[in-house]
Structures are given as structure tokens and as C-alpha cells.
Amino acid sequence: MTEHETGPGDRAAQQAGGAEARADVRQDNGAQVKTGKDNGGVPEAGIPELVIISGMSGAGRSTAAKCLEDLGWFVVDNLPPALIPTMVELGARSQGNVARIAVVVDVRGRRFFDALRESLADLDARGVTRRTVFLESSDEALVRRFESVRRPHPLQGDGRIVDGIAAERELLRELRGDADLVIDTSGLNVHELRAKMHAQFAGEEEPELRATVMSFGFKYGLPVDADLVVDMRFLPNPHWVPELRPYTGLNEEVASYVFNQPGAKEFLDRYAELLRMIAAGYRREGKRYVTIAVGCTGGKHRSVAMSEKLAARLAAEGVETVVVHRDMGRE
């Protein structure tokens, strides 16, 4: 996936610059707006929904933004972070015409990062509900993408592409840790990334919590977008049972073999109980997305069977759940 970052940031800045910053009350197209610090500059009832899209250069920010635009969001690409609160204010004064705003933030320097942090603190103080989507990708995938379009990394300077990637990854470390949704695009094409964004944002009403339960094989590496990781290698491997080896954990005989092993059912019960507690905490903290990675050696038998059962338990608890078997079929 190659990302072409083009942004009408200057035009958005000009539009936002028209908003006066004095503390008074005035009529604007029939909507009364107070622009002082008492109410944060926006009428509470009209505050739009806000999504901030950020992440590694080349990881697919523009693709994610385009998907939201197609879903009816008002999207501003490469908006200076300091202008985000102003965009929210302008949306609030649109009388409902701009109910959902997505802002693509291109953080390429410490000054921009500090401005973003100040803007997010400002939004929190105003009581604005916001979500942050972080696009992640492996170093190898990013290098391939930059080399395929023969473009330098924006932070590499006189160094190599990998130097720019390392600098940006360090700069974005805190933002990634605070993100509500992390999407690893290392193995995704443009259509697959759009499908992921569509699945998360296309609904008329956002659920309280969405969970992705992902089976994987440790020999293929840990999923970088996992919030929680559990290891099924404490169970006997069906790979060593000749009649089960060709099948996957979706097969009834394989699943029965896995859950008839000592500790399998107990683990499912106790981990499901733990997830129930974690899900309640995520809801209280306003976290809407969680990725649970379930691993075994090859991601074919044990992790697949356990992922299916865990997903069913979460769904029974009212958590909207998607199951992904990352490595099934690779052997």
C-alpha cells in the first residue's frame, strides 16, 4: 500500500482562521455561540463527533481518511494540530451539517507533537468526545513502500529511509500508546484497509465495545496491533496427531481434541471471566476497540479453536466481535 499524502491543510487553516477568538456571545447563522473559555468555544449540544487519524508515514493514513470521507465524514488532511479545536468549533456552528469530523494529523516534528498534545488537552477540557486511529506498519513494509514510489521518508534527512522510520516511530510512541484503535497495515492492501475502516465506522450507531479476536502463529511473529496476547502452547499440539494434522481448529474433531485436553476448558472459563472484567474497564475508560491475540506454534489448530470459543463468549456478553485467523492456511 503506497500512501500519497495530499492535504488541503492551508485551505482548512484559512477557513478556521475566520473564527474569532474573543470571549463574547454572537449569532452565527441562527446559532448562538460563545467563543470564550467558559464553554470551550462550542455549543455543547452541537459538538460533532471527532476522529483523529495519525500513524507512520506510508502506513495508509490517506487511505483511511478517504474511506471515512466516502462514509460521509468531513475530512481534513494534514491539518495543523493547533487548529483541531477550531475545526470542532466550526463544526458545532454548522447547525448539524458537519456532525462528524475526521482530521489527518501528520506529526513530523517535536513542535507539531507538542501542539497536538495541547490541542487534545483542550478538547478534553471542553468535554469533546474523540477517538484516535493509529496506522502502524513494520519497518520492512514501510521501506518497500517508499522504495516502490522512489520517495524519501519525510524525516530521514541525509540518512537512510530506515533512519527516518526510526525517528518517526520514536516521536509517535506516546500517541500510539494512547490510540483507541491501532491498525497494522503491514500485510494489508488498500482494499483490505478500507474494509477494516468500513467495519469500524460504517454502522449507524457505534457499539460500546468492539473486539477483534485474532489467532496467530508465534513462528510468524506477534501481531503488532494486539492489546492482549495469550499463548495456547501449553496444550498438546494436534499437529502431531496424523489424522488431525491436515485440518484446522475450525474442524469439529480438532476443536474437540483441543478442549478435551487438561486445562483447556478451565482456561476458557477463567480467561472469559477476565475479559468480562477488562471489557467493563474499557467501557468505563471510553475505549471502544480491543484486539485479543491468541497464539500457538503455527496458528492453525489450538489458537484457531480457542479464538472461536472466546469470540462466542464475548458475543454472548454483548461485545460486537470479529474473528480473524491471521496465519491459518500458511502451512
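The values are calculated or read from the model by the stated rules, or taken from the named source; none is laboratory data. Since the model is a prediction, treat every value here as computed from it, not as a measurement. Here the Cβ positions follow ideal geometry from the backbone for every residue, glycine too, while neighbour counts run over all protein chains shown. Side chains included, ligands, DNA and RNA excluded: accessible areas come from the protein's heavy atoms. Shrake-Rupley method; radii C 1.70, N 1.55, O 1.52, S 1.80 Å.
Distances between every pair of Cα atoms in region 59-134, grouped in 5 Å steps from 0 to the bin holding the largest one, split as 3, 15, 25, 26, 20, 8, 2, 0 percent.
Mind checking the full-extension length gain between E243 and D114? Use 0.36 nm per residue of separation minus the Cα-Cα distance, one decimal, nm. Kindly include the intermediate steps, with their values, before the conclusion.
Values: separation 129, 0.36 × 129 = 46.44 nm, distance 5.89 nm.
The E243-D114 span can extend by a further 40.6 nm.
Taking the Cα of E170, stepping 7 Å toward and past its beta carbon, and measuring to each backbone N in region 88-108: which are under 12 Å? No residues fall inside that zone. As a rough guide to protection, the peptides 162-168, 150-156 ranked by mean Cβ packing within 10 Å, highest first, stand as 162-168, 150-156.
Heavy-atom accessible surface of R283, to the nearest 10 Å², is about 80 Å², with a 1.4 Å probe and all protein chains retained. One chain, two ends: R160 and D139. Fully extended at 0.36 nm per residue, the span grows by 6.3 nm beyond their Cα-Cα distance. Close amide H pairs (under 5 Å, H built 1.01 Å from N) link M232 with G295, C296, residues at least 5 positions away or on another chain.
How high is the FRET efficiency between F259 and V324 when r is their beta carbon distance and R₀ equals 22 Å, given to the nearest 0.05?
On the way: r = 21 Å, r/R0 = 0.94.
That gives a FRET efficiency of 0.60.
Name the chymotrypsin sites (Phe, Trp or Tyr not before Pro) in region 195-272 that are in a loop by DSSP and that have at most 16 other C-beta atoms within 10 Å, would you?
Values: sites: F201, F216, F218, Y220, F234, W240, Y247, Y257, F259, F267, Y271; in loops: F234, Y247.
Those satisfying the criteria are F234.
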